[in-house]
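The values are calculated or read from the model by the stated rules, or taken from the named source; none is laboratory data. Quick caveat, the model's predicted, so the values are computed rather than measured. As a convention, Cβ positions derive from the backbone with ideal geometry for all residues, glycine included, and neighbour counts pool all protein chains shown. Side chains are part of the model used for accessible areas, which takes the heavy atoms of the whole protein and leaves out ligands, DNA and RNA. Shrake-Rupley method; radii C 1.70, N 1.55, O 1.52, S 1.80 Å.
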Amino acid sequence: MRLEQWGAGKEHYRMASEYPELVLGRAVLQERDLYQVVTEQEDYSASVSGKFRYEAESPSDYPAVGDFVLLQCVNKNDIAVIQKVLPRKSVFLRKAAGTNSVEQIVAANIDTVFICMSLNSDFNLRRLERYLAIAWSSGALPVVVLTKADLCADVAAKVSEAESVA
């Protein structure tokens with residue numbers, strides 16, 4: 001029941017049942033190479049296995065926040081080992097910082113992306129278009145939230161502009 005509160009469904013449990021020696025969990029935090037993973041029983045600190053590292057072809061193969069994973073747990077005080085990442089239903093990507101064009105996963109298995117933009121003098125329609133394009137390509141539903149209407153001289157015009165790109 002606990003993982004259902006984190007979004008696990010019948011399909012996740014079915015895929016996990018193919019690996020009875022592993023535990024189903026969801027990555028809820030990532031700090032460099034360590035993950036915090038929630039399971040039915042416990043929360044674990046986890047890292048990917050050596051085999052996983054060897055077989056990963058790109059950074060997007062690694063777990064991200066929101067991913068459902070299968071891990072090997074010894075006991076609560078030990079670091080669990082992530083063996084598999086289950087297929088993603090959506091993935092929010094961005095280009096990694098620097099000159100290379102490697103993609104970086106921001107989050108996985110998300111349903112809704114809230115795009116918050118201020119109606120102050122920094123409002124930029126082209127930026128909103130870029131954010132919407134990224135959100136739509138992720139597979140999630142974008143919701144535009146326009147804030148600071150009190151700083152805008154013509155709210156109706158700005159909202160009309162935003163509606164034209166949404």
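Observations, loosely collected:
- Yes/no for V38 being surrounded by fewer than 18 Cβ atoms within 10 Å (Cβ to Cβ) and among the hydrophobic types (A, V, I, L, M, F, W, C): no
- Just one residue in the set V81, V159 is surrounded by 13 or more Cβ atoms within 10 Å (Cβ to Cβ) and either farther than 30 Å from R14 by Cβ or of a type in the set (D, E, K, R) (or both); that residue is V159.
- Among (1) open to solvent by less than 80 Å² (accessible area, probe 1.4 Å); (2) closer than 17 Å to A107 by Cα, the one test that K89 misses: (1)
- If you filter the range 1-24 down to residues that are within 22 Å of Y62 (Cβ to Cβ) and in a loop (DSSP other than H, G, I, E, B), you find that the one that is most open to solvent (accessible area, probe 1.4 Å) is E21.
Listed here are the residues, each with its yes/no results for (1) touching a helix residue (DSSP H, G or I) at 6+ places or on another chain (Cβ under 6 Å); (2) modelled with pLDDT of 95 or more; (3) assigned to a loop (DSSP other than H, G, I, E, B).
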{"position": "R26", "(1), (2), (3)": "yes, yes, no"}
{"position": "Y35", "(1), (2), (3)": "no, yes, no"}
{"position": "Y44", "(1), (2), (3)": "no, no, no"}
{"position": "K51", "(1), (2), (3)": "no, no, no"}
{"position": "A64", "(1), (2), (3)": "no, no, yes"}
{"position": "V69", "(1), (2), (3)": "no, yes, no"}
{"position": "N75", "(1), (2), (3)": "no, no, yes"}
{"position": "D78", "(1), (2), (3)": "no, no, yes"}
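- Within the set Q83, Q30, the sole residue that is in contact (Cβ under 8 Å) with a residue 60 or more places away in the chain and assigned to a strand (DSSP E or B) turns out to be Q83.
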